[in-house]
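Asker: Sharing a structure here in structure tokens format.
The values are calculated or read from the model by the stated rules, or taken from the named source; none is laboratory data. What you see is a predicted model; the values in this text were computed from it and never measured. Here Cβ is always computed from backbone atoms with ideal geometry, including for glycine, and neighbour counts include all displayed protein chains. When the accessible area is computed, the model is the full protein with side chains, heavy atoms only, and any ligands, DNA or RNA have been set aside. Shrake-Rupley method; radii C 1.70, N 1.55, O 1.52, S 1.80 Å.
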Amino acid sequence: MMPDALLMAAHFARTRWLLDFRQRDALERWQQQRLQQFFTHVLPRAARFRGLQPTTLDELPYMDKATLMADFQAYNTRGVALETVLPIALQAETSRDFSPVYDGLTVGLSSGTSGNRGVFLVSKAERLRWAGILLARTLPPHLLKHLLSPWHAPLRIAFFLRANSNLYTTLNSRRIQFTFHDLLHGVEAAVPQLNANPPDVLVAPPPVLRALAAEALAGRLRIQPSHIIAVAEVLESRDADSVRSAFGRIPHQIYQATEGFLAYTCEHGALHLNESFVQVEREWLDAERTRFQPVITDFTRDTQLIVRYRLNDVLRVRAEPCPCGRAEHSIAAIEGRADEVLWLPASSGKAVAIFPDFIRRAMLLVGEQIREFAVQQHGMMLHIGLLMEGDTSQVQQAVATRLADLWQELGVQAPTLHFTDWQVPSLGAKRRRVQMLSAPEGLLCIF
């Protein structure tokens, strides 16, 4: 049996050099070959798909987190019941010890920002495959040279997230030193550790990157990572600007969910869908086909199956081709979740979707007076929490003016605005800039 490090290296090499598709038709042939193998050898091992003999994805039902959790045992190939592994995941969250496994399987708990808590299972073979693919897709050439040079010190990766996992610590090896920083301990607690062991790669959610940038600009954090990656949340231009000011690096992104490794940033800064390993169907959200919800099938997984899984994310397409030449489609932005889309009536009474990027842009145009914001929709009322500098009434008026321009541009009825103070999210919680808690009464809100 191949040692773990060699197996991870094999996945790395295969991904980096053999699956670097430059022609779209070659990529699509590869996807179809892998899907057919998946249909034949993996799908029948899960009770939910037993007896089916699909030849195309169209023949299979959709699923989402609620579907998966309602019939957890039927969607994994090991027949593991939810009530068996949920206590393990909950105990890990409480103890902050994420090392225990069940029958060789890593058990994880998703953060539940969509309102539905999720449990996921990953085998050791899948962890090694994921680690190899992730490194191949995200390491820039200068760090690849560092990684492959035995006379250099190990590559140091500092990773900030709400929860650790055996999935992440799989990256640890003789050539990689992986350090997890628990978000529940806060950013300030991590500063001495970072100064003592400066990372080559810094990985964190955008608000954490901004907080670390502030520590660096204040002189308390003395590190110069050569690669910075934003994860878990939407990377806003203000976040990216803060990171660049502090560290001299433009952050890249990883679009990673418990459902799979979905997209990565190339050397030209474009976010590419990881289509060599994940089939992405698009459910369009507007007539112009500029935004869609992804429906994913991960044909590399063979424990907990992700088949035609409808994600609650809104992705915006990139109009121009990426100069990197990769055949994998690129996207302009991950705008947020579908429940972050606001809805307002047009004069005709028809519901109009207000995508979260519209709100972020309006706030950005107000200027640097706005430090933080959060918008919640309650019918025809928008509650707007602001952390601001300068005269409160002037800033609020500037926000109202920008939003009024937006309502006019989109041809919708103006909601009532209610301004409050911005509330700091609890430690470890994801940032939710925009939320639709309830739609206007009688409005049919469908894409």
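Asker: Starting at the first residue of segment 296-304, write each ³J(HN,Hα) from the Karplus equation 6.51 cos²θ - 1.76 cosθ + 1.60 with θ = phi - 60°, in whole Hz, x for Gly and Pro.
Answerer: Karplus-based 3J(HN,Hα) across segment 296-304 equals 10, 10, 8, 8, 9, 8, 9, 10, 9 Hz.
Asker: Over the chain, average the accessible area per residue using a 1.4 Å probe and give it in Å², no decimals.
Answerer: On a per-residue basis, the chain sits at 46 Å².
Asker: Of all accessible surface on segment 324-372 at a 1.4 Å probe, what whole percent is carbon and sulfur?
Answerer: 49
Asker: What are the principal axis extents of the Cα atoms in segment 118-252, in Å, biggest first?
Answerer: Ordered largest first, segment 118-252 gives principal extents of 43, 42, 27 Å.
Asker: Taking the alpha carbon gyration tensor of the chain, what are the square roots of 5 times its eigenvalues, largest first, to the nearest whole Å?
Answerer: 35, 29, 22
Asker: Under 5 Å between amide H atoms, partner at least 5 residues away or on a different chain: which partners does MET388 have, H built in plane at 1.01 Å?
Answerer: Correct list: ARG371.
Asker: Also, I was wondering about something else. Under 5 Å between amide hydrogens, which residues at least 5 positions from ALA257 or on another chain qualify, with H placed 1.01 Å from N in the peptide plane?
Answerer: LEU262
Asker: A further question follows. Just to check, using Stokes-Einstein with a Kirkwood Rh over alpha carbon pairs, what's the diffusion coefficient of segment 1-155 at 4 °C and 1.567 mPa s in µm²/s?
Answerer: 70
Asker: Using 7 Å Cα-to-Cβ label points, what is the LEU60/GLN73 separation (nm, one decimal)?
Answerer: Here the answer is 2.2 nm between the modelled labels.
Asker: Same structure, new question: What's the ranking of 191-198, 366-373 by average number of surrounding C-beta atoms within 10 Å, highest first?
Answerer: Output ranking for 191-198, 366-373: 366-373, 191-198.
Asker: As I understand it, the dipole of the chain uses +1 on the Cβ of Lys and Arg and -1 on the Cβ of Asp and Glu, about the Cα centre. Which of PRO54, MET436, PRO141 lies farthest toward its positive end?
Answerer: Most positive-ward Cα: PRO141.
Asker: Pairs of alpha-carbon atoms within less than 8 angstrom and 6+ residues apart define the contacts here; what relative contact order does the chain have, in percent?
Answerer: 13
Asker: What residues have an amide H closer than 5 Å to that of ASN274, excluding those fewer than 5 places away on the same chain, when H is modeled at 1.01 Å from N in the peptide plane?
Answerer: ALA263, TYR264
Asker: A further question follows. Take every DSSP beta bridge with both residues inside the chain and express the antiparallel ones as a percent of the total, to the nearest 5.
Answerer: Bridges in the chain that DSSP calls antiparallel: roughly 60 percent.
Asker: Over what distance in Å are the Cα centres of segment 173-202 and segment 50-94 separated?
Answerer: With segment 173-202 and segment 50-94 each reduced to a Cα centre, they are spaced 34 Å.
Asker: Among the aspartates and glutamates, select those whose C-alpha is under 15 Å from the C-alpha of LYS145, and discard any that sit fewer than 8 residues away in the same chain.
Answerer: ASP200
Asker: Net charge around ARG14, counting only other residues with Cβ within less than 14 Å of its Cβ (Lys, Arg = +1; Asp, Glu = -1)?
Answerer: It works out to a net charge of +3.
Asker: How about segment 130-162: which chymotrypsin sites (Phe, Trp or Tyr not before Pro) there are in a DSSP loop, with at most 10 other Cβ atoms within 10 Å of their Cβ?
Answerer: In loop regions of segment 130-162 (DSSP not H, G, I, E or B), the sparsely surrounded chymotrypsin sites (Phe, Trp or Tyr not before Pro) are TRP151.
Asker: Using a 1.4 Å probe on the protein heavy atoms, what percent of the accessible area of segment 261-303 belongs to carbon and sulfur?
Answerer: Of the solvent-accessible surface of segment 261-303, carbon and sulfur hold 41 percent.
Asker: Once Lys and Arg get +1 and Asp and Glu get -1 on their Cβ, which of LEU209, ALA196, VAL80 lies farthest toward the positive end of the dipole of the chain?
Answerer: Projecting each Cα onto the dipole axis, the largest value belongs to ALA196.
Asker: Something else now. Excluding residues on the same chain fewer than 8 positions from LYS430, give the lysines whose Cα lies under 23 Å from its Cα.
Answerer: LYS65
Asker: Which trypsin sites (Lys or Arg not before Pro) in segment 124-197 pass both tests, a DSSP loop state and at most 14 other beta-carbon atoms within 10 Å?
Answerer: Sparse-neighbourhood loop trypsin sites (Lys or Arg not before Pro): ARG174.
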